[in-house]
Structures are given as C-alpha cells and as structure tokens.
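Everything below concerns the one structure shown next.
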Amino acid sequence: MSGYVSAYFDKVRKIMDEVSADEVGEVVRVLEEAYQADKTVFICGNGGSAATASHWACDLGKGTVAMGKPRFRVLSIGDHQALLTAYANDCGYETVFAEPIRSWARPGDVVILITASGNSPNVLAAAEAAHEMGCTTVGLIGFGGGKLADLVDCQIAVTCRDYGPVEDLHMILDHLISGLLRRKIADQGIP
C-alpha cells in the first residue's frame, strides 16, 4: 500500500511541476479583469469536474469577499439541476452547459471549462457557445489538452492521463487562484 501512496503523490507533484506561474498568472489576469468590469464568471465541468466547478464558484463567490469591496459574480452552471436535466432530456446531454450560456452570458463574461480529458462533448459545446456570446474562455485540462485546447483563450493543460491526479490538480488551482484573487481584492484594493 505504501508504494501506491508514494506513487500517487509523486504523480500529483509531477503534474504540479508542469504548471507555470505564467499560466496561473494569465488565468488570474482574466478573472481580475472580469471582476473589475463587473462581469459574470460561469464555470462548468462533468462528473468530478462538476464538483470542482461548484467548489470553485463557492471559493470565488464567497471566499474572495472583502468588506467594502465589490463581489465576484460567479455561477456554476451544473448546480442548476432542473435546467440541466431539462436540457439533457429535451435537447441532449451535450447541450446542458451551452444552452444556459446562451441564455445568461453577455459579451465580456468569462466561462471556465474544466475537463480531465479535454474531450467532453458538453464542455466543447459550452466553449463554442461562450465564443458565440463574446465571452473569454479558460480551460483547466488534463490528457494533454484534447480538443478543448484549441477552443479556449487561455488554458492550464497537463499531460497526465489519470483522472484522479488531474482532478486533484484542478482543485489545487481553484484554491491557488482564488487565494491570489482574495489577497489582491483585500490587500491591494482591486477596485
């Protein structure tokens, strides 16, 4: 058992080393600009990535609150169960994120797309809908990027093809980026 534990942690450390501070900085810049312009951040992902999307929406929406400062406008699309299942039933599962984006998003909003494989049809459709709506897209991707890598404006993609460590990295990035933004809002006074 100790061998598996060590190997797993080694894999997570290895993929963390693939992420550059510049890539993280670009995502922070995109989110900072959205915050300053009072734009909405939409987050979506499948399965474990849906849980990450929900968690990140909480971290941005509540975890960055500073007294007397504006708040992030953020929504995890997959958290709207009735809407998600209605689109899945009536229009097909690949539409569950794209259609709400078409309803809610406005030019200049940000859509964060989280997928370990980079090939989830509903996440790919969401990226296309986001561009139709004039949104900036951010991808958190594993498996070398998949098809999503070519559809997003900025990305953090790693080569690992193991869902668990990739999803672990995505949660680490949530906490890292949200923490950086919280510090910027509270300490440096982002207007």
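Counted without the sites themselves, the longest stretch of the chain free of trypsin sites (Lys or Arg not before Pro) in a DSSP loop having at most 13 other beta carbon atoms within 10 Å is 63-160.
Between Asn119 and His80, what FRET efficiency comes out of the Förster formula 1/(1 + (r/R0)^6) with R0 = 22 Å and r the beta carbon distance, rounded to 0.05? Efficiency computed from Cβ-Cβ geometry: 0.40.
The stretch between Ser103 and Glu18 holds 27.0 nm of extra length on full extension. This uses 0.36 nm per residue minus the Cα-Cα distance.
Structural descriptor for the chain: relative contact order 25 percent, calculated from alpha carbon pairs under 8 angstrom and at least 6 residues apart.
Let me know the Kirkwood hydrodynamic radius for the stretch 20-104, please, with Cα pairs as the basis and the value in Å to one decimal. Every distinct Cα pair counted, the radius reaches 14.1 Å.
When Lys and Arg each count +1 and Asp and Glu each count -1, what net charge do the other residues less than 12 Å away from Val123, Cβ to Cβ, add up to? Spelling it out: positives minus negatives among the neighbours equals -1. One entry in [x] 56, 44, 30; [y] 45, 41, 35; [z] 48, 47, 28 is Cα extents along the principal axes in Å calculated from the shown coordinates; its label is [z].
The modelled label-to-label distance for the pair His131/Glu33, using points 7 Å beyond Cα in the direction of Cβ, is 1.7 nm.
None of the figures in this text is laboratory data; all of them are computed from the coordinates on show. All of these numbers come straight from a predicted model, not from anything done at the bench. We place every Cβ from the backbone using ideal geometry, glycine too, and count neighbours over all the protein chains shown.
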